[in-house]
Amino acid sequence: MGMISRALSFGGICVVMSVALYAQAPSVRPSPSHISSVADTSLDARVESILRRMTLEEKIGQLVQYSAGQPTGPGTGRSDYDDMIARGQIGSLFNVVDPQEINKYQKIAMEKSRLHIPILFGLDVIHGFKTEFPIPLGLASTWDPSIVEKASRVAAMEASADGIRWTFSPMVDIARDARWGRMAEGAGEDPFLGSAMAAAYVRGYQGSHLDAPDSIAACAKHYVGYGAAEGGRDYNSTEISEHTLRQFYLPPFHAAVEAGTASLMSAFNSLNGVPSTANPFPLKQILRKEWGFQGLVVSDWNAVGELIPHGIAADGAAAARKAFVAGVDMDMVSSLYHDHLQQIVSSGQATPAEVDEAVRHVLRVKLALGLFEHPFVDEGAAAKALYHPDSIALAQAAAERSFVLLKNANGAGGRPLLPLASGIENLAVIGLLADDSSYPDGVPEGTGPRVSLSAALAQRVGADHVFRFKGVGILDGTDEEISAAVAGAQKADLVILALGEGQDMSGEAASRAHLGLPGKQQELLEAIVHTGKPVVLILFSGRPLTVPWAFEHVPAVIAAWLPGIGAGPALARTLFGDVNPSGKLVVSWPRSVGQEPLYYNHLNTGRPPGDTDLTRPASNIAERYLSRYTDEQNTPQFPFGYGGSYTSFSYGTTTISTQRLSAAALNKSLGAGANAAAAMTAEAEVTNTGSRAGEETVQLYVQLDGTSVAQPVRALKGFQTVTIAPGETKKVQFELRPEAFAIWNDRDQFAAEPAKVNIWISPDSAHGSPAQAEILP
């Protein structure tokens with residue numbers, strides 16, 4: 001393990017990070033012969049040369065994608081892929097994972113099609129290909145973009161060795177509602193942190209140059225607003241003002257584009273009444289005109305066909321026309337471009353120039369990946385690329401960094417229950433998830449070097465000292481199973497409860513109206529706690545779970561998310577103190593589902609509760625007529641940015657380099673990005689007041705008052721991870737660039753305005769005392 005400093009510039013602030021990294025690779029500058037991105041101007045002449053020789057049918061073929069493997073559905077299960085490829089009628093296939101099959105299809109394209117344009121093979125490589133890392137929500141909880149970049153690099157090396165050169169990742173949707181199952185696939189609720197993670201994924205997947213054999217094209221999804229689905233119900237409608245879209249939902253996509261992502265995926269949802277897959281405002285105005293994106297836009301699965309049930313297309317031809325004219329280059333699986341686009345162009349409903357532009361985007365990606373020069377995969381290389389020891393070590397390290405210690409109260413000996421004391425001999429390990437917490441496919445132990453939590457604990461203390469009980473299932477269970485688990489707990493010194501969601505309860509099509517422990521797990525939890533034995537609860541889930549009873553009655557609780565192939569050893573090392581937990585929440589943890597959507601960076605309203613005690617009902621009119629619940633607190637169970645440690649930290653006063661800024665000067669410097677001089681520095685001392693070393697993610701928040709558009713009560717503008725020895729004090733400094741003080745104003749322009757400024761350096765989004773400044777005209 002080595003220590004390096006990294007400077008990150010996102011959302012207008014340069015953050016100098018000193019973080020512990022594993023096997024940091026040296027930076028490699030691409031040589032002039034290498035393609036660094038789809039925007040590389042060296043591609044222009046080749047794209048035009050190919051385009052001039054293509055017929056309309058061949059051009060349309062490049063805009064067509066089918067799934068030639070699992071799952072089944074529209075656009076799958078055809079028997080004529082070979083003939084279509086030979087005629088140049090397919091541009092991409094996905095869900096093909098056998099290198100021999102990939103080469104079979106590619107050979108047809110390269111030898112039998114007229115222009116020998118290679119097929120682009122894609123796959124959902126979300127958090128690892130074979131070496132499974134923590135889910136993206138867990139990876140984001142490390143607050144370490146370098147780990148995300150390294151995990152993505154491993155995924156790219158493994159997938160590319162298999163012949164996959166395009167991943168439908170990262171998902172960069174802002175997610176404010178834990179009911180939405182796909183929260184598991186993203187980086188949480190904050191656009192600043194989400195932007196840092198989006199760029200890290202792109203860098204990891206695409207490497208230093210796209211045409212390297214171990215690079216794969218990234219695809220930022222789902223563009224845009226998908227995470228704001230009403231009621232947290234997947235695929236549901238979204239209503240997002242342009243201001244909110246630009247300030248909160250678009251920044252991670254912009255960061256991915258700035259990092260060079262080769263592609264974006266349009267979303268399922270309607271956005272302000274117009275489905276995203278047929279919405280020219282985000283697809284053309286913002287993405288192409290404002291951001292200058294030159295890569296490929298692909299629809300989500302059958303999203304073009306779904307324009308019909310959305311109600312804006314009467315038939316497949318109308319759906320194809322609306323999606324294409326709006327700016328979707330490639331149709332994923334609906335086959336509607338294949339079926340109708342030629343007639344749409346012939347009838348004048350779309351122009352040949354529009355077709356040419358879409359084909360350019362596809363060809364740029366294929367050329368940038370080097371597919372024309374190296375279309376085939378080495379069929380013997382795939383197995384050699386999988387499960388490298390350093391990849392397994394990285395997956396375990398990522399898991400260790402992702403765990404969030406939610407609670408760690410004192411046990412009977414007057415010390416925190418975790419880490420486990422050396423005198424504990426016998427452990428009862430209860431819960432189905434102690435044997436398999438993989439996501440999303442439930443990969444069993446023995447598939448790759450997977451070691452479950454129960455197995456890792458047995459290795460640690462000896463199998464004779466681990467009493468293993470299923471307890472209940474995820475959704476089912478009996479009183480007899482609970483009784484058996486209680487009996488086992490009574491024989492142990494300490495109980496480790498592994499509870500939470502099953503593999504199919506998070507992710508796509510996994511929205512939940514109730515966020516507590518499913519099935520009879522709550523009943524099991526209460527029965528075990530009532531034995532009087534000390535209990536450590538490990539929550540496995542793809543989202544926060546509403547378990548207020550547990551937080552009141554269980555002394556130690558860890559959010560483990562769905563931690564991947566290194567879960568068992570990582571958790572065992574954390575429980576016994578080899579690792580000090582350092583993960584921080586990237587979503588606000590609700591007390592009850594009725595608080596959702598719940599997010600820290602909300603507006604203040606005209607009747608904020610202020611310092612009113614919301615733990616009790618209102619006792620007078622002044623307390624009642626506030627923005628509050630009558631039966632629940634406003635605040636989350638745990639705030640965004642929160643995470644415990646086996647040590648403790650105290651924060652000194654936030655100090656700033658100047659108390660006065662000029663809006664005119666800030667606006668003059670906007671757009672310079674990392675080249676702009678810092679507008680202000682802020683710093684605070686952080687002291688380790690505990691007895692062991694620990695990593696702390698120090699966060700900086702800004703609030704602006706008096707602006708033309710109401711701003712959040714706090715907005716993250718920087719973070720640093722520092723390692724501090726016991727008793728040591730470190731001064732943590734941030735440089736705030738002009739963009740940190742700019743907003744999307746009442747004219748939807750990004751600019752600084754006169755305002756009062758509060759700046760916090762704090763451990764999370766709910767604590768600390770601010771330094772104050774003002775922005776003058």
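Assorted remarks:
- Residue 152 being open to solvent by less than 10 Å² (accessible area, probe 1.4 Å), outside any helix (DSSP H, G or I) and either under 21 Å from residue 718 (Cβ atoms) or touching a residue at least 24 places away in the same chain (Cβ under 8 Å) (or both): no
- Scanning region 569-597 for residues that are farther than 25 Å from residue 721 by Cβ and crowded, with 23+ Cβ neighbours inside 10 Å yields a count of 1.
- Selection status of residue 667, open to solvent by 70 Å² or more (accessible area, probe 1.4 Å) and either assigned to a loop (DSSP other than H, G, I, E, B) or polar (S, T, N, Q) (or both): no
- Residues satisfying the stated conditions in region 675-691, i.e. under 30 Å from residue 767 (Cβ atoms) and either loosely packed, with under 13 Cβ neighbours inside 10 Å or among the β-branched types (Val, Ile, Thr) (or both): 681, 686, 687, 689, 691
- Within region 396-422, the set of residues being in contact with a Phe, Trp or Tyr (Cβ under 8 Å, 6 or more places away or on another chain) and more than 25 Å from residue 641 (Cβ to Cβ) comprises just one member, 420.
- Apart from one condition, residue 158 fits all of (1) over 27 Å from residue 501 (Cα atoms); (2) open to solvent by 10 Å² or more (accessible area, probe 1.4 Å); (3) of a type in the set (Asp, Glu); the exception is (2).
- Filtered residues of region 395-439 (kept if modelled with pLDDT of 95 or more and among the acidic types (Asp, Glu)): 400
- Verdict on residue 165 being surrounded by 24 or more Cβ atoms within 10 Å (Cβ to Cβ), under 29 Å from residue 711 (Cβ atoms), basic (Lys, Arg) and at pLDDT 95 or above: no
- Taking the numbered list (1) open to solvent by 10 Å² or more (accessible area, probe 1.4 Å); (2) in a loop (DSSP other than H, G, I, E, B) in turn, residue 542 passes all entries but (1).
- Of the helices (runs of 4 or more DSSP H) lying entirely inside region 290-385, those containing at least 3 residues that are of a type in the set (Asp, Glu) span 352-368.
- Looking only at residues in region 280-311 that are aliphatic (A, V, I, L, M) and touching a helix residue (DSSP H, G or I) at 6+ places or on another chain (Cβ under 6 Å), the one that is farthest from residue 36 (Cα to Cα) is 308.
- Identification of strands (runs of 3 or more DSSP E) wholly contained in region 38-144 with 3 or more residues that are under 15 Å from residue 338 (Cα atoms) and within 27 Å of the chain's Cα centre (by Cα) yields 64-67.
- For region 602-626, a residue qualifies if it is open to solvent by 50 Å² or more (accessible area, probe 1.4 Å) and either modelled with pLDDT of 90 or more or outside any loop (DSSP other than H, G, I, E, B) (or both), and the qualifying residues are 602, 603, 604, 605, 606, 607, 620, 621, 622, 624, 625.
- Filtering region 369-407 to residues that are among the aromatic types (Phe, Trp, Tyr), open to solvent by 40 Å² or more (accessible area, probe 1.4 Å) and under 28 Å from the mean Cα position of the chain (by Cα) leaves only 387.
- From the list 753, 695, the one residue that fits, being among the acidic types (Asp, Glu) and within 30 Å of residue 578 (Cα to Cα), is 695.
- Criterion violated by residue 713 - all others in (1) open to solvent by 10 Å² or more (accessible area, probe 1.4 Å); (2) more than 14 Å from residue 770 (Cβ to Cβ) satisfied: (2)
- Positions within region 369-384 being at pLDDT below 95 and of a type in the set (Gly, Ala, Ser), in sequence order: 380, 381, 382, 383
- Applying the criterion of being in contact (Cβ under 8 Å) with a residue 40 or more places away in the chain and surrounded by fewer than 19 Cβ atoms within 10 Å (Cβ to Cβ) to the residues of region 627-638, the residue that is nearest to residue 718 (Cα to Cα) is 635.
Residue-by-condition table, conditions (1) in a loop (DSSP other than H, G, I, E, B); (2) under 23 Å from residue 551 (Cα atoms); (3) open to solvent by 10 Å² or more (accessible area, probe 1.4 Å):
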site: 455; (1), (2), (3): no, no, yes
site: 482; (1), (2), (3): no, yes, yes
site: 485; (1), (2), (3): no, yes, no
site: 507; (1), (2), (3): yes, no, no
site: 512; (1), (2), (3): yes, yes, yes
site: 519; (1), (2), (3): yes, yes, yes
site: 525; (1), (2), (3): no, yes, no
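- Scanning region 554-565 turns up one or more residues that are within 22 Å of residue 175 (Cα to Cα), among the small types (Gly, Ala, Ser), in contact with a strand residue (DSSP E or B) (Cβ under 9 Å, 6 or more places away or on another chain) and touching a residue at least 40 places away in the same chain (Cβ under 8 Å).
- Top-ranked residue of region 97-120 - restricted to ones that are out of contact with any strand residue (DSSP E or B) (no Cβ under 6 Å at 6 or more places or on another chain) and aliphatic (A, V, I, L, M), ranked as modelled with the lowest pLDDT: 97
- Wholly within region 705-777, strands (runs of 3 or more DSSP E) carrying at least 1 residues that are more than 30 Å from the chain's Cα centre (by Cα): 729-736, 755-762, 771-776
- Residues satisfying the stated conditions in region 375-399, i.e. of a type in the set (Val, Ile, Thr) and within 30 Å of residue 113 (Cα to Cα): 377
- Each residue in region 586-634 was checked for being within 22 Å of the chain's Cα centre (by Cα) and farther than 18 Å from residue 183 by Cα, and 1 pass.
- For region 165-178, the criterion of being assigned to a strand (DSSP E or B) and in contact with a Leu (Cβ under 7 Å, 6 or more places away or on another chain) is satisfied by at least one residue.
- Just one of the listed residues (192, 129) is closer than 25 Å to residue 701 by Cβ, open to solvent by 10 Å² or more (accessible area, probe 1.4 Å) and either without any contact (Cβ under 8 Å) to a residue 60 or more places away in the chain or not β-branched (Val, Ile, Thr) (or both), namely 192.
The values are calculated or read from the model by the stated rules, or taken from the named source; none is laboratory data. Bear in mind the structure is a predicted one, so any value in this text is a computation, not a measurement. All Cβ positions, glycine included, derive from the backbone under ideal geometry; neighbour counts span all protein chains shown. Heads up: the accessible areas ignore ligands, DNA and RNA and are worked out on the full protein's heavy atoms, side chains in. Shrake-Rupley method; radii C 1.70, N 1.55, O 1.52, S 1.80 Å.
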